[in-house]
Every structure is written in C-alpha cells, then in structure tokens.
1. Looking only at residues that are open to solvent by 60 Å² or more (accessible area, probe 1.4 Å) and in contact (Cβ under 8 Å) with a residue 40 or more places away in the chain in the stretch 10-45, which one is nearest to Val103 (Cα to Cα)?
2. Quick check, is Leu77 open to solvent by 20 Å² or more (accessible area, probe 1.4 Å), among the hydrophobic types (A, V, I, L, M, F, W, C) and under 13 Å from the mean Cα position of the chain (by Cα)?
3. State which residue pairs qualify: first residue within 17 Å of Ala80 (Cβ to Cβ) and inside the stretch 98-112, second residue not in a helix (DSSP H, G or I) in any location, beta carbons under 6 Å apart, and separation of 6 or more residues or different chains.
4. List every residue pair whose Cβ atoms sit under 7 Å apart, with the two residues 6 or more apart in sequence or on different chains, where the first one lies in the stretch 72-90 and is more than 15 Å from Ala12 (Cβ to Cβ) and touching a residue at least 60 places away in the same chain (Cβ under 8 Å) and the second, anywhere, is among the small types (Gly, Ala, Ser) and surrounded by fewer than 21 Cβ atoms within 10 Å (Cβ to Cβ).
5. Could you check, for the stretch 21-36, whether at least one of its residues is more than 16 Å from Leu109 (Cα to Cα), of a type outside the set (A, V, I, L, M) and in contact with an Asp or Glu (Cβ under 7 Å, 6 or more places away or on another chain)?
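The values are calculated or read from the model by the stated rules, or taken from the named source; none is laboratory data. Just so we're clear, the structure is a prediction, and the values are computed from it rather than from any experiment. Because the Cβ atoms are built from the backbone with ideal geometry, glycine has one as well, and the counts that use them run over all protein chains shown. Accessible surface is based on the protein model in full, side chains and every heavy atom, while ligands, DNA and RNA are left aside. Shrake-Rupley method; radii C 1.70, N 1.55, O 1.52, S 1.80 Å.
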Amino acid sequence: MANIIVFCDSIAHGYWDLHGGWVARLRKDLDRQNTKPNCGEQYSLYNLSIPGDTSSNILDRLSHEIKRRLWGDNLVLIFAFGINDSIYIHKQKKHRNNQKQFVENLKKLLKLGKKYTHKITPLRTIIILSL
C-alpha cells in the first residue's frame, strides 16, 4: 500500500468547491481504483491541508504528521503552498513570509521530506517579489 500525504492550503482543502477540492477528486479516483478486482497497488490518501497555512506552518508540523501515517516503505509527499506566504500585511508593511524565508522553508521541507521518502512532488512554486 502506498501512502500519499498532501500538505497544502485552502485550495487542496476544498474551500468553496462543491466537489471538495482537487485532493477529494484524487481520493475518489484512487478509491475507485482500490475497489477494482486485481487492482495491484492500493493507495491511502491523507489530505493534511489547512486553510491559511504557510510554508512555516507546514514545516512546524511536517515530521509529526508524517510519523503518524508512516508504515511500509511507499510514501509519497505532495506539497502545494506559497499563496499564503505571499500575503502582504499592509499594517506591518511586509509579506507573511518574505522571499528569503520562503526559500529557506522550502529547502528545509525538501530536506526533511527526503528523510522519509524520495517521492516528493512540488505542484506549484510561488516566487515572492519584493516591490
């Protein structure tokens, strides 16, 4: 069995999507495949996406979340984040995470994720521009 763990924000969580977001759609497809006779490898999908999460939030909980769902040797990590990092806070005159912090968090997430698997898929990358 392969375990797929998704770390994202509200987009993957499924806010404002009548069908539950792209992770829910993927889950339906995997469940359909899992119930076929002689389907081969089966998949468990964990949507650990939290609306409002930044790369810092994901970094803070990554190891704990993986350890709770780690069994066997077939783990796939999917990261999709960056939108909330780039939010500009006008009162503070700064982004939630500046470009340097975002890149540092990304490197740490990839390094930490590789302790558990080499199957890591970045779905999107947001580059924060300081204007």
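1. Going through the qualifying residues, I end up with Ile11.
2. no
3. Phe102/Asp85; Phe102/Ile128
4. Going by the 7 Å Cβ cut-off, the qualifying pairs are Asn74/Ala2.
5. no
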